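*Asks:* Sharing a structure, written as structure tokens. Questions coming.
The values are calculated or read from the model by the stated rules, or taken from the named source; none is laboratory data. None of these values were measured; they are calculated from a predicted model. Glycine also receives a Cβ, built like all others from the backbone with ideal geometry; neighbour counts cover every protein chain displayed. Note: areas computed on protein heavy atoms with side chains; ligands, DNA, RNA excluded. Shrake-Rupley method; radii C 1.70, N 1.55, O 1.52, S 1.80 Å.
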Protein chains: 2
Amino acid sequence: MSHDATNAPAAIDGDTARLVAETMQALATPSRVLILGHLRTSPLTVGDLARAVEMDPSAVSHQLRVLRHLGLVVAERTGRTAIYSLHDEHVAELVDQAVHHITHRRLGLGSHAS
Amino acid sequence: MSHDATNAPAAIDGDTARLVAETMQALATPSRVLILGHLRTSPLTVGDLARAVEMDPSAVSHQLRVLRHLGLVVAERTGRTAIYSLHDEHVAELVDQAVHHITHRRLGLGSHAS
DNA sequence: TGCACATATGAACGTCTATTCATCATTTCG
DNA sequence: CGAAATGATGAATAGACGTTCATATGTGCA
């Protein structure tokens, strides 16, 4: 997902498609996008996230489990609380680029491809 | 989704999250990833795609409708056939980056974030 | 030590969705 | 002109899934 992803790939194989879909699934519901977007700005507890995205803490916790299992977020237990962060810079970039894509689509900046 | 998506955004608002999720949905199932992946390499007819991704033509056609409505692909009618292409370079980049992300995850290249 | 707090997890349920099967519309060709 | 080819669309259905409610677990504190 960096600027050197410019060599047109061979058509995607089934396994890759599955993996891509699995990960993109994380960004396919507004609730998870919101969660990842907030974690993009700083590490947060479940409670912080629930308040920030205005969701039930249980719903947030469920979604965080999905994200954890996908390897997109990590939790650091601190006493009663768990501090969640994005797993790494790649995830951060994934979120940024998803948002950026929407922004550029809005601006109508496009040229024909394929 | 280019390399200047480096300014950490404010936390995402609900509308943006909805739009992001809507678009990412296109990449959230293997069948659509495969279709987009093939269209990444060249324009193709529905029949070509069906054979390439080993899906029923009707299933492909349905998915193409989803992708059309999301503005990710365009169809050019030529007699009996319709030639499908990715809508623009942004979509191509979206596909590339989704694949690239998986590739880099596989390689275990990551650093902590957030 | 018992209660409060934070979070994880499971079950239930309503909603969503991808594929299949059927049907239709348009174009091409023998 | 009728049949074949191509692709769009609708309905049905099985499976997936996000949220709610309930319960469990671990930590902190008076």
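*Asks:* Please list, ordered by first then second residue, the pairs with beta carbon atoms under 7 Å, 6 or more apart or interchain, first in the range B:22-38 and more than 16 Å from B:A59 (Cα to Cα) and open to solvent by less than 10 Å² (accessible area, probe 1.4 Å), second more than 9 Å from DNA strand C (Cβ to nearest atom) and not in a helix (DSSP H, G or I).
*Replies:* Once the first residue is more than 16 Å from B:A59 (Cα to Cα) and open to solvent by less than 10 Å² (accessible area, probe 1.4 Å) and sits in the range B:22-38, its partners that are more than 9 Å from DNA strand C (Cβ to nearest atom) and not in a helix (DSSP H, G or I) give B:T23/B:L70; B:G37/A:A11; B:G37/A:I12.
*Asks:* Here is a check on your reading of the model: is B:A17 surrounded by 21 or more Cβ atoms within 10 Å (Cβ to Cβ), within 7 Å of chain A (Cβ to nearest Cβ), touching a Gly at 6+ places or on another chain (Cβ under 8 Å) and of a type in the set (A, V, I, L, M, F, W, C)?
*Replies:* Taking the combined requirement at face value, the residue satisfies it.
*Asks:* Go through the residues of the range A:20-29 one by one and say whether even a single one is in contact with a helix residue (DSSP H, G or I) (Cβ under 7 Å, 6 or more places away or on another chain), at pLDDT 95 or above and not aliphatic (A, V, I, L, M).
*Replies:* Yes; the residues of the range A:20-29 include at least one that is in contact with a helix residue (DSSP H, G or I) (Cβ under 7 Å, 6 or more places away or on another chain), at pLDDT 95 or above and not aliphatic (A, V, I, L, M).
*Asks:* Please enumerate the residues belonging to the range A:63-77 that are exposed (fewer than 13 other Cβ atoms within 10 Å of the Cβ) and assigned to a helix (DSSP H, G or I).
*Replies:* Once the filter is applied, which keeps residues that are exposed (fewer than 13 other Cβ atoms within 10 Å of the Cβ) and assigned to a helix (DSSP H, G or I), the range A:63-77 yields A:R65, A:H69.
*Asks:* So, A:V99, is that one in contact with a Pro (Cβ under 7 Å, 6 or more places away or on another chain) and within 15 Å of DNA strand D (Cβ to nearest atom) or not?
*Replies:* Considered against the rule, which asks whether it is in contact with a Pro (Cβ under 7 Å, 6 or more places away or on another chain) and within 15 Å of DNA strand D (Cβ to nearest atom), A:V99 comes out as no.
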